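Take a look at the structure below.
The values are calculated or read from the model by the stated rules, or taken from the named source; none is laboratory data. No experiment lies behind these values; they were computed from the predicted model shown. Glycine also receives a Cβ, built like all others from the backbone with ideal geometry; neighbour counts cover every protein chain displayed. Heavy atoms of the whole protein, side chains included, go into the accessibility calculation; ligands, DNA and RNA do not. Shrake-Rupley method; radii C 1.70, N 1.55, O 1.52, S 1.80 Å.
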Amino acid sequence: MLKVEGLNVFYGAIHALHDVSFEVKQGEIVTLIGANGAGKTTILHTVSGLVRAKSGKISFQDQNITTTEAHVILKHGLAHVPEGRRVFSQMSVQENLLMGAYARKDKDGIAEDLEKVYMRFPRLRERYRQMAGTLSGGEQQMLATGRALMSRPSLLMMDEPSMGLSPILVGEVFEIIRSINASGTTVLLVEQNAAMALSIANRAYVLETGRIVKEGSADALMHDDDVRRAYLG
Amino acid sequence: MVKRRGLSSLINLICILLLFVVMRSAAVSSVSLNTLFIQIGYSIIMATSLNLACGYLGELPLGHAGFMSVGAYTAAVLTTKFLPQSAAVYPFALVCGGLMAALFAFIIGVPALRLKGDYLAIVTLGFGEIIRVLINTVFAPLTDGGKGLFGIPTYATFTDTFIVTVLCVAALYMIVRSRHGRATIAIRENDIAAESSGVHVANYKVKMFVISAFFAGIAGGIYAHQLGVLTAAKFDFNRSIDYLVMVVFGGMGSLTGSIFAGTALTVVQYLMASLVEYRQLAYALLLIIMMIFRPKGIFGRWEFSMTRLLARVFPALNVEPKNAEALQNDVILPDTPQYEVPANTPVLRTSHLGIRFGGLQAADNVEISLGAGEIVGLIGPNGAGKTTVFNMLTGVYQPTDGDIRLLGRSIVGMKPYAITEAGIARTFQNIRLFKSMTVIENIEVAFQTRMHYTLVDSLLRTKRFRRAERGARKRALEILSVFGMEDLADQSADSLPYGMQRRLEICRALAASPKVLLLDEPAAGMNPTETHELMETIRVIRDRFGVTILLIEHDMKLVMGICERIYVLNYGSVIAEGTPEQIRSNPEVITAYLGKNNPVNDGVGGATC
Amino acid sequence: MKPATFLITLINGLQLGSVYALIALGYTMVYGIVKLINFAHGDILMVGSYVVLFMLTTVFAAQTLLAKVIAVAAAIVFCVMLGIVIDRVAYKPLRSAPRISALITAIGVSLALQIIAQLIFGSEQIKFPQVILNETLFKIDKKPVKSLPIITCCVSVVLMIALNLFVNKTKPGRAMRAVSEDMGAARLMGINVNNTISLTFAIGCTLAAVGSVFYAQKVGYVKPLMGSLPGIKAFIAAVFGGIGSIPGAVLGGFVIGMLETFVNYFASQYVDAVVYGLLIVVLLVRPAGMLGKAVREKV
């Protein structure tokens, strides 16, 4: 579904990604794990077009999207929940969700998906007129996720959804990811909390200083000695 | 690098003298060159002084010409109307002009510098406009109002302008390269972190703004005594912009840049004096193109050093001082305060602590007490008010109810820098380092309240200044060595990897020699290995520096692993307090925060989820 | 002050205020979206009035109603295009640069526009033709109430209401708000950020072009430097009301316009001092402006 080959990204003189290749197949949950600064977020930013690659190829559903603009990539069915949630805090919950459907024109479909999001996150329905900035961290994560779902993506990329959340909410967030996947959306997940990420993923890639150093099924990596020592503690 | 101070000063002195001799012979031969050189002189003073407020302090004053006009009129009115007709009074008049400009800057700066960024810009713009109106109306009996002040004695000569310019630039350089300059740059980099490192931010902003205006006033005096005529209209917004352009063009935060741009742009204007329109168009386009291709300005923050240049050509100049070792011990170390812990009193204790934002009760009746040398955790769901409690403890927020006692003394109402001085230091959830400064400078900033040499010491580079600076470096290296970071001392802070940045923030907090250390999510963004190392580090800090530690953290392995006691916060109130075991089994905490069958309880992360 | 004088001054104040408000909206919208004080905005006003002048004196022989309509339309189109080009050429490369660099660029653009106008039309002021009907409507105490101020106010108010509806109720308006809050997140929503910014400049320039006709006719002439003063005043109005806030810009425009007109009546030499003085006081009391939201930095 998503195929990344030989990706190289630079920030000024800093070589942020070295020949990164990976793929995500239809229906999977794939996770990228690694230390802070290893380049996980950069990968997501490059795939969704916020950052340009120096070389390499990104294809999504057999279309080359390497140089496609960020606002066009979304229309191909690829949605991105950014790190730190980045909801529009001066807009209401409902306006935020509608922003997610900005690129769509089918009014009925939007209404239907809005209803679906509200079904999935009843808390958002309760607060649909509230300004997003006044929501708690957990609610904002739900809103950011719901907003991304409003574009009816076939692949959902999530960046550190558990960051800064209390243990009880972390559990909840991963449950949500699993259920989104169960309803047919492929998920590419970037997580600091490697243990949690591996527990719900099918496959995983391990990043170190901009390179993919290990890949395999989540199960295998969970029992890999190096991974255990470095990321599972 | 040339480490011998005397040699370096000698080289600079020789270069300046050479420059003087060359320029003077040119100025003597041509009246127009003489005029040009004087213009260059005051332009350089204007640009470098504006750079202090703009490039170093990080504010955007748009009324620098206003201060220039105050200095110009003060000096000119004095020499024209009050003082005897003699060039001997000229220096006195210049200083008076500078002082008057400084006074105006103080009056406008005290209220205005509370504002941030663009708003300060607008207020200074407004000041620049108002001062012109005042000169023409209220002060008209002295300034002769709209018709202009005529007959000002033309005292300004090449020689005295050259000397004054060199003195002004040297003074600015000395200020920038001292603890005062460090504090100023720290404010630019991150004012909140600067304040919590013990820098009295409001005070420093006003101080630097006033100094900047003082030099603008001097430049104004030179201007007046070159031209012989003054009209308020000359000091309009466009003139302020001209100097701002010089600063940005040369590089904000580079005195070299301001000197270069002050010279170059003045020369360009001089050469094109006859082609007014095309000159201006070229000037405008140059500005646009320059900014698009080099937004940092020509020099960025780089400084030219003649000594460094010569040392590269003649490596023989690279000599260590003869008495290097003796100097290592001839230091004044930053103070280490002796905290007296009254018997039977907690180090830190809050009672009925609460805060209300508008109608929202963010924290209510929070009672926390920390014993000497304890490591205590503060946990709770997002939005429970944990960071709010930290912000009250450090004076960032003023509590609306209750009391905070540090070593038995109430610290409510004290400003953050004063609380740091009193003995509480902190780190931040989202790292707040002084990014463009080096690792060691980051730490040295935090010695601010523990060092005592004055602005005059730094201007004159007194022995006290040198000993204290060596002491600061020595102590900073000691702190870094505890964390094995001494080799990174001269790297810039933002080049450090994430984990190191978190550590540096802890080093900086420790540099303030606190009694209580507050850590806000120190493990955020760390992987289990790093977290594990961090746990060790925290224990070492407690033992080595004798501090009491209160930490906020979501990583339950860390919290449960090192905290001796834990407070749980929910909706702004403490719902539980106890040892890790008690907290882990507290039903209320499980429902509000930990969750049932949580990984915390089996210790391996989310495998069970 | 006699009641009649008061009323006339009031109307003049509203007239000046609505012109300031129109320009201030341009400042505030651009600031809201790219965080740039667009110093060249006042000069767009100048360009607009030159275009009208050019159309009515050089292109058309007679100043018929049709000619006037076309002239104003041409001014709007020209200003919009100019605004978009300026943004794409001069500001866009600096989106991620320090804000002060963009500010200096804006100053450069402002200077460039003034000098180009000077090179084309000369630096002397030229009489501005009558574009909008300015008949005496009625008289109060023998003092005429003219139609220009009334038309100025009405058109401005209609435009402001339309703008407010546009920003709050339409999809492009929502996109503008999203971009102004978080450019990166807006791109992830499928919003074309550059087009949205261009749209913002276009709206600001439209308002400035309309304002230019009202302003030039009020003062009666055009000259290359005519934009600076109303530009700065409108900018102050925007800051006064709370920069980034649309109702704030309107409020600020009217307050500054009224204040200036009334102070001018009593003590004309103090106008600027009073205007700036009020601004400083407002900022000291409410740093974010009258209707601006104070953003508390998260620690």
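Remark: segment A:62-74, residue by residue, has Karplus-estimated 3J(HN,Hα) of 6, 10, 7, 10, 4, 10, 6, 5, 3, 6, 8, 4, 4 Hz, where x stands for each Gly or Pro and the curve is 6.51 cos²θ - 1.76 cosθ + 1.60 at θ = phi - 60°. For residue C:221, the amide hydrogen comes within under 5 Å of the amide hydrogens of C:128, counting only partners 5 or more places away or on other chains and with H modelled in the peptide plane. Interface burial in segment B:508-538, defined as at least 40 Å² less accessible area with all protein chains than with the chain alone at a 1.4 Å probe, covers B:525, B:527, B:528.
Site pair residue C:92 and residue B:28 shows an inter-label distance of 5.8 nm when each label is modelled 7 Å from Cα along Cα→Cβ.
In the protein assembly as shown, helices alone account for a calculated mean residue ellipticity at 222 nm of -17500 deg cm²/dmol, with every DSSP H run of four or more residues adding -39,500 (n - 2.57). If you take all other residues with their beta carbon under 14 Å from the beta carbon of residue C:33, and give Lys and Arg +1 and Asp and Glu -1, the sum is +4. Between B and C, buried accessible area from a 1.4 angstrom probe totals roughly 3900 Å², ignoring ligands, DNA and RNA. Take the Cβ atoms of residue B:577 and residue B:478, set R0 to 35 Å, and the FRET efficiency comes out at 0.45. Contact with the other protein chains removes 20 Å² or more of accessible area, compared with the isolated chain and a 1.4 Å probe, from these residues of segment B:245-274: B:248, B:252.
Which one of B:248, B:194, B:108 is farthest out on the positive end of the charge dipole of segment B:5-308, using unit charges on Cβ (Lys, Arg +1; Asp, Glu -1) and the Cα centre as origin? Going by the charge dipole, the pick is B:194.
Taking the inverse of the mean 1/r over every pair of distinct Cα atoms in segment A:174-233 gives a Kirkwood hydrodynamic radius of 12.1 Å.
If I take R0 = 22 Å and measure r between the Cβ atoms of residue C:133 and residue C:5 in this structure, what FRET efficiency does the formula 1/(1 + (r/R0)^6) give, to the nearest 0.05? The value I calculate is 0.35. Would you mind checking C:2/C:233; A:40/B:296; C:143/C:218; A:3/A:75 for any pair whose Cα atoms are more than 20 angstrom apart? Distance filter (> 20 Å) returns C:2/C:233; A:40/B:296. Spatially, segment B:289-323 and segment A:130-162 are offset by 49 Å when compared through their Cα centroids.
A cut-off of 5 Å between modelled amide H atoms, ignoring neighbours fewer than 5 places along the same chain, links residue C:190 with no other residue. For segment C:71-88, the residues whose amide N sits under 18 Å from a probe point set 7 Å from the Cα of residue A:52 along the beta carbon direction are C:88. Cβ under 11 Å from residue B:402's Cβ, residue B:402 left aside: what net charge do those residues give with Lys, Arg +1 and Asp, Glu -1? Once positives and negatives cancel, what remains is -2.
Solvent-accessible area of segment B:271-363 (1.4 angstrom probe, protein heavy atoms only): carbon and sulfur portion equals 61 percent. Just round it to a whole percent: the fraction of Cα-Cα distances in segment B:19-89 exceeding 20 Å. Percent of Cα pairs beyond 20 Å in segment B:19-89: 54. In the context of the full set of protein chains, residues of chain C present 40 Å² of accessible surface per residue (probe radius 1.4 Å, heavy atoms only). So for segment C:179-299, considering every pair of alpha-carbon atoms, how many percent are separated by more than 21 Å? Value for segment C:179-299 (Cα pairs over 21 Å): 52 percent. Pairs of Lys residues in segment B:377-530, spaced 8 or more positions apart or belonging to different chains, with C-alpha separations under 27 angstrom: 9 in total.
The interface between chain C and chain A buries about 2000 Å² of solvent-accessible area in total (1.4 Å probe, ligands and nucleic acids excluded). For residue B:71, neighbours were defined as the other residues whose beta-carbon sits under 15 Å from its Cβ, and their charges (Lys and Arg +1, Asp and Glu -1) total +3.
For segment B:5-308, the Stokes-Einstein estimate of translational diffusion at 37 °C and a viscosity of 0.692 mPa s comes to 167 µm²/s, using the Kirkwood hydrodynamic radius over alpha-carbon pairs.
With only Lys, Arg, Asp and Glu charged, each at its Cβ (+1 for the first two, -1 for the last two), find how big the charge dipole of chain C is about the Cα centre; round to the nearest 20 debye.
520
Under 10 °C and 1.306 mPa s, how fast does segment B:194-337 diffuse according to Stokes-Einstein, given a Kirkwood radius computed over C-alpha pairs? Answer in µm²/s, whole number. Reported coefficient: 81 µm²/s. Within chain C, what whole-number % of the accessible surface is contributed by carbon and sulfur, with the 1.4 Å probe and all protein chains included in the calculation? It is 67 percent, rounded to a whole number. Backbone N atoms of segment A:57-78 closer than 17 Å to the 7 Å Cα→Cβ label point of residue A:105 belong to residues A:72-77.
Note on chain B: Rg/Rh from C-alpha atoms, Kirkwood Rh, equals 1.05.
Quick one: grab the alpha carbon gyration tensor of segment C:91-245, order the square roots of its eigenvalues as a ≥ b ≥ c, and give me rounded if a/c is under 1.5, else prolate or oblate depending on whether a/b is larger than b/c. Because a/c hits 1.5 or more and a/b fails to exceed b/c, segment C:91-245 counts as oblate. Entry comment: accessible area of segment B:1-105 is 41 Å² per residue, from protein heavy atoms only and a probe of 1.4 Å. Picking from C:214, C:166, C:39, which is most flexible by a Gaussian network model of chain C using Cα springs under 10 Å? Among C:214, C:166, C:39, the largest mean-square fluctuation in the Gaussian network model of chain C belongs to C:166.
Couplings 3J(HN,Hα) of segment A:136-141, computed from phi: 6, x, x, 5, 5, 5 Hz, in residue order, whole Hz [Karplus 6.51 cos²θ - 1.76 cosθ + 1.60, θ = phi - 60°; x for Gly and Pro].
Under 5 Å between amide hydrogens, built in the peptide plane, is the criterion, and for residue A:28 it picks out A:187 among residues at least 5 positions away or on other chains.
Computed with a 1.4 Å probe over protein heavy atoms only, the accessible surface of segment B:312-409 comes to 51 Å² per residue.
The residue B:490 and residue B:329 beta-carbon pair, evaluated with R₀ = 22 Å, returns a calculated FRET efficiency of approximately 0.50. The distance from the alpha carbon centre of segment C:210-262 to that of segment B:327-360 is 52 Å, rounded to a whole number.
Remark: segment A:34-39, residue by residue, has Karplus-estimated 3J(HN,Hα) of x, 5, 4, x, 6, x Hz, where x stands for each Gly or Pro and the curve is 6.51 cos²θ - 1.76 cosθ + 1.60 at θ = phi - 60°. What list of whole percents do you get for P(r) of the protein assembly as shown, with Cα-Cα distances grouped in 20 Å bins up to the one holding the largest distance? Result returned by the calculation: 11, 36, 37, 15, 1.
Note on segment A:88-152: Rg/Rh from Cα positions, Kirkwood definition for Rh, rounded to two decimals, is 0.94. Give me the distance between the Cα centres of segment C:114-190 and segment B:490-536, rounded to whole Å. Going from one Cα centre to the other spans 53 Å.
Normalised by 2.2 N^0.38 Å, where N is the number of residues, the alpha-carbon radius of gyration of segment A:29-89 equals 1.18.
Report, to the nearest 10°, how far helix B:276-293 tilts away from the longest principal axis of the Cα atoms in chain B, using its own Cα long axis and a range of 0 to 90°. The angle comes out near 20 degrees.
Surface listing: B:256, B:529 arranged by accessible area from highest to lowest gives B:529, B:256, probe 1.4 Å.
Rounded, prolate or oblate, given the Cα gyration tensor of chain C, with a/c below 1.5 counting as rounded?
Note, shape of chain C comes out oblate.
The calculated pair-distance distribution of chain A uses every alpha carbon pair, bins of 10 angstrom beginning at 0, and gives 8, 33, 37, 19, 3, 0 percent. Contact with the other protein chains removes 30 Å² or more of accessible area, compared with the isolated chain and a 1.4 Å probe, from these residues of segment C:176-196: C:177, C:178, C:181, C:182, C:185, C:187, C:188, C:189, C:190, C:191, C:192.
In a simple Cβ point-charge model (Lys, Arg +1; Asp, Glu -1; nothing else charged), segment B:5-308 has a dipole of about 480 debye relative to its Cα centre. Heavy-atom accessible area buried between chains A and B is around 1700 Å² (1.4 Å probe, both sides summed).
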